[in-house]
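Comments concern the structure below.
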Amino acid sequence: MSETLAELVRGLAAGRFSSVELVDACLAAIGRHRDLNAFITVDAGAARAAAADADRLRAGGGQAPLLGVPFAHKDIFCTAGVRTTCGSRMLADFVAPYDATVVEKLRAQGAVMLGKTNMDEFAMGSSNETSHFGAVRNPWDPARVPGGSSGGSAAAVAAGLVPAATGTDTGGSIRQPAAFCGITGLKPSYGRVSRYGMIAFASSLDQAGPMARSAEDCAYLLAAMAGFDERDSTSHARPVDDYVGGLAGDLKGLRVGVVREHFGAGLDAAIGAATHAALAELERLGATLVDVSLPNSAMSLPCYYVLAPAEASSNLARYDGVRYGYRARDYRDLEDMYKKTRGQGFGAEVKRRIMVGTYALSAGYYDAYYLKALKLRRLVADDFARAFAHCDVIAGPTAPTTAFALGAKSDDPVSMYMNDIYTIPVNLAGLPALSMPAGFVEGLPVGLQLTGSYMDEARLLRVAHRYQQATDWHRRLPPLS
Ligand code: GLN
């Protein structure tokens, strides 16, 4: 399926096809491309039934904004009655007793869930190789990774298995896979989308957001996902902007910040060139480029890799074999049960994070690492505040490389972590950012990251939409058989 979600919304409204036809087409595509391993669970029966309901509702005059539109959820969102694995053996058979707020909201808008997409275990990774359910393949080149941790969602959208999917982004997990797979993905401001029922990795950084073909599609999805939720204490009360209505408009007078530190060592030269071409296109569309600096951005990676593991070590303490999830079969006593359960239930990357995080939070090291990292986080956020005094959005590369080969970085965690060098500062500052297709290097997609000030999602989507009206990178499809 090559149509955008917005086109499907219009086609359904005009009666050009039914939701049942769309869902059947998606299920057939999922079946044809099983080798991508994009899905952990496909819920064909429920999807067909929901599509038939949507068609009946529409025939009776019903018109929810996403009525009958097929999509998929990253397998980090709790879905009542359908297993939620978070890519882990620990939750391989876990069926949540309730729906996440994002799940509830998309259903209330009429969207039809086809299944749950593959992901790095507990969303820890940049390549989707840490999943207990196996690696996902990049539709542009099956020997390469799709990015992570929302790699299943990105691959599913890029391959046309679904028009849209949800993702989550703690340090880049929506934007980096969107860049690697040639789709558009938005990480909203911290607090814009409810985290209730979204399995926690690093609670002060985690945000859910949309992944789809275009900025217009992301506007439809964000409109459905965003909003205050009393069940999430960090949810923001500010009313939701009109993202779809806000797409119209040109870029005249827009000040686009270009970050000096984005073009230093580590950036692939061809990606640098593609980024400059995209910046020139924004200029042609009426924007003015402004030189800005984020001097502390080099500190973001070490800061993140103290804070995120620290929060993860605390969040993952709940998987103890007692309450829910995996429990080791043979054990001597309670302590042995804990050890075996966690030893067998978690994969290597998750264990690495738990150990780093526990160390950073321990009595002797708390001040030296955790507290220090909190201070650095503030400096990184202040950098953005200073930059946004001179510009309206910041534009730059999403990732320093295109999709790398499967296995290329598996034995080198630090080089894997480096892939999020441009995305992580945004999470530390709690800001919104999106990645959109902006060219190709040797047949592989390149992403352009647009970052906005707090709660400025509508502007980001408008800029991306204008760029996509003038370019066709987001329309290119991978050469799948
Ligand atoms: N790749 C980063 C990590 O491994 C970010 C992951 C994410 O955003 N969930 O922590």
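Quick note: the coordinates plus some simple rules give every number you see, no bench work behind them. Note that the structure is a prediction, hence the values are computed from the model and not measured. Counting neighbours? That spans all protein chains shown, and the Cβs are built from the backbone with ideal geometry, glycine included.
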Mind listing which chymotrypsin sites (Phe, Trp or Tyr not before Pro) in the stretch 222-311 are in a DSSP loop and have 16 or fewer other Cβ atoms within 10 Å? F228
One would report the Cα pair-distance distribution of the chain, bin width 20 Å, in %, as 26, 60, 14, 0
List the trypsin sites (Lys or Arg not before Pro) in the stretch 13-56 that DSSP assigns to loop (not H, G, I, E or B) and whose Cβ has at most 16 other Cβ atoms within 10 Å. Which are they? R16
Using every Cα-Cα pair within the stretch 299-384, state what percent have a distance larger than 23 Å. 35 percent
Taking the convex hull of Cα positions in the stretch 28-98, its mean projected area over all directions (nm²): 5.9 nm²
Dimensions of the stretch 325-453 along principal axes (Cα, Å, largest first)? 62, 41, 25
Taking the alpha-carbon centroid of each part, what is the distance from the stretch 72-101 to the stretch 273-336 in angstrom? 20 Å
May I have the convex hull volume per residue, in Å³, for the Cα set of the stretch 404-460? 89 Å³
Calculate the dipole size of the stretch 1-98 relative to its Cα centre from +1 charges on Lys and Arg beta carbons and -1 charges on Asp and Glu beta carbons; express the result in debye to the nearest 20. 40 debye
How large is Rg over Rh for the stretch 89-140, taking Rg from the Cα atoms and Rh as the Kirkwood inverse mean of 1/r across Cα pairs? 1.03
Over the stretch 108-221, what number does the Rg to Rh ratio reach, with both radii from the alpha-carbon atoms and Rh per Kirkwood? 0.94
Could you tell me the ratio Rg/Rh of the stretch 437-479? Both radii from Cα atoms, Rh via Kirkwood. 1.05
